[in-house]
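Below: the structure, in structure tokens.
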């Protein structure tokens, strides 16, 4: 367990070193989050004004066809925003990993050049999401469990789609196929790395939550409403910062895994052993 945590921490430090060299990489998840909130508001506000969430639908009628179309469109737009910003992030990270000095404009230029495939992949992801959601809503516990496993497998198979779209001149379907192929080629490394990132930031999140609870209790003891609000806002902002940094580092790691899986390169900030053994203890193959 301690060795796994140590490997995960090394992975985080290597990704953080890239982020330290290019702090502007943090702008991509910030922009993604802001645009995602804007998309939610764009779809939610008209629905609220129309009374969709209060009046609902006639009993037994379910969501009308126009409702499903609206939900699907929301998925497509939301996925497009996320994938576009992730493509920009991974594109800029790959420039740094290859020895360059990227700018935010470089990242968005790369993403803009791949708008078509990104939109196509957003449609694919939205379709998969809608199908899995529909099956889950009509299934019992075992059915939802199976759907969850299928969704997990889909997430793994598509882990490297964004780096593929950045580097390789292919469409969204072939990008999914190549991502799955790279996963088979380097089986377990993406899983290991993601779990490693999740482990480290999960512990950081738990530590932040524990500290926040202690501070909130201390603030409540003073009976100062202003102090309670300040602590609560500080705790909220801490979680936002953790989420943004985690997202940026995950994008950097995805770029590093792609270089290793597709190009056989892992130098500079990362080493082959670091990528291979990010979360599992493996005494073999340490470079």
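The values are calculated or read from the model by the stated rules, or taken from the named source; none is laboratory data. Here the structure is a predicted model, which means the values were calculated and not measured. Heads up, the Cβs are rebuilt from the backbone with ideal geometry, glycines too, and the neighbour counts pull from every protein chain shown.
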- Query: How many residues, within region 100-115, are more than 14 Å from residue 85 (Cα to Cα) and without any contact (Cβ under 8 Å) to a residue 12 or more places away in the chain?
  - Reply: 1
- Query: Pick from 66, 40: which is modelled with pLDDT of 90 or more and at negative phi?
  - Reply: 40
- Of all residues in region 196-235 being touching a helix residue (DSSP H, G or I) at 6+ places or on another chain (Cβ under 8 Å) and closer than 20 Å to residue 255 by Cα, which is modelled with the lowest pLDDT? 196
- Item | Residue list for region 128-168, restricted to those being touching a helix residue (DSSP H, G or I) at 6+ places or on another chain (Cβ under 9 Å) and not in a helix (DSSP H, G or I) | 139, 158, 159, 160, 168
- Reported set for region 81-110 where residues are more than 17 Å from the chain's Cα centre (by Cα), assigned to a helix (DSSP H, G or I) and either over 20 Å from residue 169 (Cβ atoms) or modelled with pLDDT under 90 (or both) is 96, 97, 104, 105
- Message: Tell me yes or no: at least one residue of region 163-183 is within 30 Å of residue 21 (Cα to Cα), at pLDDT below 80 and surrounded by 15 or more Cβ atoms within 10 Å (Cβ to Cβ).
- Response: yes
- Reported set for region 244-265 where residues are free of Cβ contacts under 8 Å to residues at least 12 places away in the same chain and either surrounded by 16 or more Cβ atoms within 10 Å (Cβ to Cβ) or in a helix (DSSP H, G or I) (or both) is 263
